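All remarks here apply to the structure that follows.
What follows is calculated from the coordinates using simple rules that are stated; it is not laboratory data. This structure is a prediction, so every number in the text was calculated from the model and none was measured. Reconstructed Cβ throughout: ideal geometry from the backbone, glycine too, with neighbour counts over all protein chains shown.
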Amino acid sequence: KSSSSQSLPDLPNTITLANITHNTDSHTNIPSTLLPYLTRNLHLTPHHPISNTRQIIESLFPPTTFARYNNLTPVVTVAQNFDCLGFPPDHVGRSKSDTYYVNQHTVLRTHTSAHQAEKFRTLEKEGKEGYLISADVYRRDAIDRSHYPVFHQMEGARLFKRDGKSSGELVDEILRDLEGMAVPNVEVVESCKLYDNDGGNPVQAGKGHSVEEAEALGKHLQRQLELVVSKVFSEAALAAGDTAAAKEKVKVRWVSAYFPFTSPSYELEVLWNDEWLEILGCGVIRQDLLDYAGRKGSIGWAFGVGIERIAMLMYGIPDIRLFWSADERFKGQFREGVVKRFEAFSKYPQCFKDVAFWIGEGRGAAAAGGAGGAVGSGEEFHENDFMELVRGVGGDLVEDVKLIDEFTHPKTGRKSMCYRINYRSLERTLTNEEVDELQAKVRSQLEEKMGVQLR
Ligand code: FA5
Ligand code: MG
């Protein structure tokens, strides 16, 4: 058995998602607490900031060129999410500690890129040259104010048909499209090379497109996305009524990146409160993927942006949990098409609790009695399993979880971890008793489900 991700002790034989019943197996690792999120559709909820942000970005991409897909099911095959995109078999993204598996063949999509291939295939029939896909995506991850196991991405792609044109004509056509395009309030303070054949961000030249074509696509892609940042920040500055800020340029930088399905690839970062914040990944679509999707005669680019990240910047929303809040003090602040800076309501007190435990080899796991689903001794400890356990107990009452100490015992060689859990409700003051109760539950589940030895 290889189930280090909490296999539920009483795992049912089937799981029903979006009205379809799937068989479960040793890969299944979707906690029941996640299920309600599959039907929330924040990106389609009127007046919700995620939906508003989606619409603001969509407004920059004309519907005559870009088809919109905002209703695609989050349950996809491993082939769609990974294989078709060229993820190598040992890529960490595939692991059960990072991805929610319905069963060994089916996952909750970890990114909107899962729909690339099928949309490349059908775009032409719809008379479009590009698409925008907005959707909920799912990842097992850390707990803090900018990470949540469910978030939203918008994927965009734009293809250019050869249509008998020479390569030079195609390059001219792509670059001509940028003429007269102003990106007034964005300053690119740093930019990686458009491609780097020695440094690991190569143009896949000779495999269906040329260096010049890839360069033109890279420029076209980067200007479009700078325009997105420009729009978002001018809206935000206007909303704040801050005319000085509206004139100030937003600093951004292009960083070279790696994705299995694009080459060259980039990430765009924005300077926000003196820190570089990554908002999107993008690149020139690998020609073999386009060819495979029946688009041999086209070249193109794609990007994937985190909608929460953009919304947090634009509205000044400090905590990602707020997006899921039913509190009128939050929801009531947003109106369709209007950007108004978020007014924080008072913060309730936080309450820290530490938990320390031994992991790995040792008597601990055996002593825990091997309760159903316990991780056997010697199995690896995955931090995301711990994060999910804490979420399972505390839900949105947990603001963040940090590793504060870690050491290896010099004699036994066993490793000790100490995590600090910060409990804070967005809506009320927690009582000591309820926090103690939550912490006691975390401790007992740690022993039962993860087989660690509490200290
Ligand atoms: C991707 O998901 C790629 N599919 C993006 C892409 C598309 C590349 C098309 C090339 C072509 P990444 O894992 O970096 O890449 O996520 C993209 C964006 O999603 C990030 O820049 C960030 O804005 C957002 N994001 C990622 N993880 C989280 C998270 N846990 N919480 C909130 N937002 C996140
Ligand atoms: Mg990234």
Seminar exercise, completed: Residue-normalised 222 nm signal for the chain, counting each DSSP H run of n ≥ 4 as -39,500 (n - 2.57), nearest 500 deg cm²/dmol, is -8000 deg cm²/dmol
Problem set entry | Spin-label pair residue 255/residue 445, simplified geometry with 7 Å Cα→Cβ offset, distance in nm | 3.2
Seminar exercise, completed: Taking only the Cα positions of the chain, the convex hull volume per residue in Å³ is 166
Seminar exercise, completed: Computed about the Cα centre, the charge dipole of segment 92-200 from +1 Lys/Arg and -1 Asp/Glu charges at the Cβ has a magnitude in debye, to the nearest 20, of 640
Problem set entry | Relative packing of 69-80, 210-221, which averages over residues the other C-beta atoms within 10 Å, highest first | 210-221, 69-80
Seminar exercise, completed: Scoring only Lys, Arg, Asp and Glu (+1, +1, -1, -1) among other residues with Cβ under 13 Å from the Cβ of residue 44 yields 0
Problem set entry | Spin-label model distance (nm) - residue 346 vs residue 427, 7 Å beyond Cα toward Cβ | 1.8
Exercise. By DSSP, what percent of the beta bridges with both residues in the chain are antiparallel, rounded to the nearest 5?
Worked result: 90
Exercise. Quick one: if the Förster radius is 25 Å, what FRET efficiency do residue 189 and residue 92 give, using the C-beta to C-beta distance and rounding to 0.05?
Worked result: 0.20
For this session: Could you work out the local net charge near residue 55, counting Lys and Arg as +1, Asp and Glu as -1, over the other residues with Cβ closer than 13 Å to its Cβ?
Result: +1
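What is the gain in length, in nm to one decimal, between residue 173 and residue 47 on full extension, counting 0.36 nm per residue of separation less the C-alpha to C-alpha distance?
41.5 nm
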Seminar exercise, completed: Counting only residues 5 or more apart in sequence or on a different chain, those whose built amide H sits under 5 Å from that of residue 191 are 254
Exercise. Taking R0 as 60 Å, what's the FRET efficiency between residue 210 and residue 404 from their Cβ-Cβ distance, rounded to 0.05?
Worked result: 0.70
For this session: For residue 411 and residue 79, calculate 0.36 nm times their separation in residues minus their Cα-Cα distance, and state this gained length in nm to one decimal.
Result: 114.9 nm
For this session: Can you tell me the order of 13-19, 130-136 when each peptide is scored by its average per-residue count of other Cβ atoms within 10 angstrom, highest first?
Result: 130-136, 13-19
Exercise. So how much slack lies between residue 454 and residue 26, counting 0.36 nm per residue of separation and subtracting their Cα-Cα distance, in nm?
Worked result: 151.4 nm
Seminar exercise, completed: For residue 198 and residue 166, extending 7 Å from Cα along the Cα-Cβ vector and measuring point to point gives, in nm, a value of 3.2
Problem set entry | Within-14-Å neighbourhood charge of residue 178 [Cβ basis; K, R +1; D, E -1] | -2
Problem set entry | Spatially proximal lysines relative to residue 125 (Cα-Cα < 24 Å; intrachain offsets below 8 disregarded) | 161, 165, 296
For this session: Under a cut-off of 29 Å between alpha-carbon atoms, report the lysines in cross-link reach of residue 353, not counting same-chain residues fewer than 8 places apart.
Result: 96, 402, 411, 415, 441, 449
